[in-house]
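Below: one structure, written as structure tokens.
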Amino acid sequence: MSKRDYYDILGLSKSASAADIKKAYRSKARELHPDRNKDNPNAENQFKEAGEAYDILKDPEKKAAYDRFGHAAFESGTGASAGQRHGHQHGDFSSAFSDVFDDLFGDIMGRGHGGDMRRRSVRGSDLRYNQDITLEEAYNGIRNKTISVTASVACDHCNGTGAEGGAEPTICPTCSGMGKVRAQQGFFTVERTCPTCSGLGHIIKDHCKHCHGQGRVNKTRSLNVNIPAGVETGTRIRLSGEGEAGMRGGPSGDLYVFINVIPHKIFERVESNIFCTVPVSITKAALGGEIEVPTIDGGRSRVRIPPGSQTGRQMRLRAKGMPAIRKSFMGDMIIDLAVETPVNLTGRQKELLKEFEKLSKDNNPESTSFFKSVKGFWESMKS
């Protein structure tokens with residue numbers, strides 16, 4: 001039975017370009033793959049037939065021989081000698097299988113072959129920028145905070161191509177844009193990275209003098225970032241496309257601004273609440289009274305201390321804490337009382353305190369309870 005025309009198998013004309021041949025083959029390979037046609041007994045043969053056609057037509061030299069001699073180019077006689085002059089063999093199933101795997105799964109696996117230079121472009125790396133802010137800034141938020149970032153950007157002189165004058169790279173003549181070359185060794189086809197283009201599939205004849213063919217240069221840029229109210233240490237703000245420039249026309253990475261809130265001298269933040277330790281005199285703690293405390297918004301609040309307050313007593317000021325990020329919720333401010341013992345007493349002050357102590361035997365319930373417990377402990381140890 002005569003073999004079908006390779007162009008008919010792929011649904012192409014002889015004037016089809018390399019891109020057209022590749023596109024038609026990918027479509028046929030997906031359509032005829034045996035795993036997708038388990039109920040079709042002819043699918044496997046049709047699949048191999050499409051692979052055989054593609055293996056011939058994708059190669060410029062094989063294609064030229066086929067266009068001139070047809071199938072006879074790879075059989076006995078004149079055509080065979082034409083094919084052998086180019087060092088090719090027909091029916092290279094390992095080559096076809098490699099292309100099937102690359103074309104069907106290369107995009108998914110992050111690999112690509114062929115003349116489509118966009119598939120070999122590389123996305124730029126993401127960058128991290130650490131930004132210190134005060135607790136007050138975290139409370140209010142910052143609009144248009146200016147930061148300076150040094151990173152690679154697309155070269156202006158070559159528009160990121162790496163070629164002088166912005167010229168487009170040319171298809172590698174060794175691998176015809178495939179990025180790989182194959183050599184037949186007995187029954188096996190050995191595939192290796194193209195030595196001319198290092199697997200890129202294209203070459204740059206005249207490198208850009210500014211970026212030396214890299215297509216990007218280092219540059220310090222000033223960027224504006226909006227820091228929302230309520231951020232805390234570890235909050236990450238993403239600036240899309242402001243990272244490293246991509247290679248070979250690939251997209252830029254992202255810039256991530258990591259927030260670090262500097263510890264405050266007065267306030268301590270715990271989630272959305274703010275804690276403030278306030279010292280009070282022993283007399284105010286005993287008699288009660290009012291104190292004035294600062295708030296994170298720069299204001300002041302008067303707080304009434306109940307008589308007999310002890311160190312560690314907490315009082316809450318509602319909605320005087322930190323805002324929740326991008327929400328209307330406000331945390332609270334917690335006041336921790338710290339009763340302060342007076343120092344550097346005068347002789348008269350000492351006399352008054354001693355007199356006060358004599359009159360205060362029944363005014364220290366916690367001390368009385370504690371020492372009763374201690375006395376009971378010692379007695380139990382003796383027995």
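The values are calculated or read from the model by the stated rules, or taken from the named source; none is laboratory data. Quantities reported herein were computed from a predicted structural model and do not represent experimental measurements. Cβ sites come from the backbone with ideal geometry, for glycine too, and all protein chains shown count toward neighbours. Remember, those area values only see protein heavy atoms, side chains included, never the ligands or the DNA or RNA. Shrake-Rupley method; radii C 1.70, N 1.55, O 1.52, S 1.80 Å.
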*Which semi-axes, in whole Å and largest first, does the equivalent ellipsoid of segment 160-274 have when worked out from the alpha carbon gyration tensor as the square roots of 5 times its eigenvalues?*
49, 20, 9
*Cβ-isolated cysteines (cut-off 4.7 Å), the chain*: Cys276
_If DNA, RNA and ligands are ignored and the probe is 1.4 Å, what is the ranking of Leu352, Leu135 by accessible area, most exposed first?_
Leu352, Leu135
*So what's the net charge close to His264: Lys and Arg +1, Asp and Glu -1, counting the other residues with Cβ under 13 Å from its Cβ?*
-3
*When a/c is below 1.5 the answer is rounded, else prolate if a/b is larger than b/c, else oblate, so apply that to segment 232-383 with a ≥ b ≥ c taken from the square roots of the Cα gyration tensor eigenvalues.*
prolate
_Cα centroid separation - segment 181-258 against segment 302-375, whole Å_ = 61
*asked:* Students often forget the sequence filter, so: which lysines lie under 22 Å Cα-Cα from Lys320 once same-chain residues fewer than 8 apart are removed?
replied: Lys265
*Kindly rank 377-383, 141-147 from highest to lowest mean number of other beta carbons found within 10 Å of each residue.*
141-147, 377-383
*Mean residue ellipticity (222 nm) of the chain, computed from DSSP H runs ≥ 4 via -39,500 (n - 2.57), nearest 500*: -9000 deg cm²/dmol
*What Kirkwood radius, in Å to one decimal, follows from the Cα pairs of the chain?*
29.2
*With each label point set 7 Å from Cα along the Cα-Cβ vector, what nm distance links Lys265 and Ala183?*
7.5
*Can you tell me the order of 305-312, 212-219 when each peptide is scored by its average per-residue count of other Cβ atoms within 10 angstrom, highest first?*
212-219, 305-312
*Whole number please: convex hull volume per residue, Cα atoms of segment 1-41, in Å³.*
71
_Under-5 Å amide H pairs with Gly177, H placed in peptide plane, nonlocal only_ = Cys172
*Please give the per residue accessible area of the chain, computed with a probe of 1.4 Å over protein heavy atoms only, in Å².*
63
_Residue (of Gly250, Gly312, Ala285) at the positive-pole extreme of the chain, dipole from beta-carbon charges_ = Ala285
*Relative contact order (%) - segment 159-219, alpha-carbon pairs under 8 angstrom, separation at least six*: 43
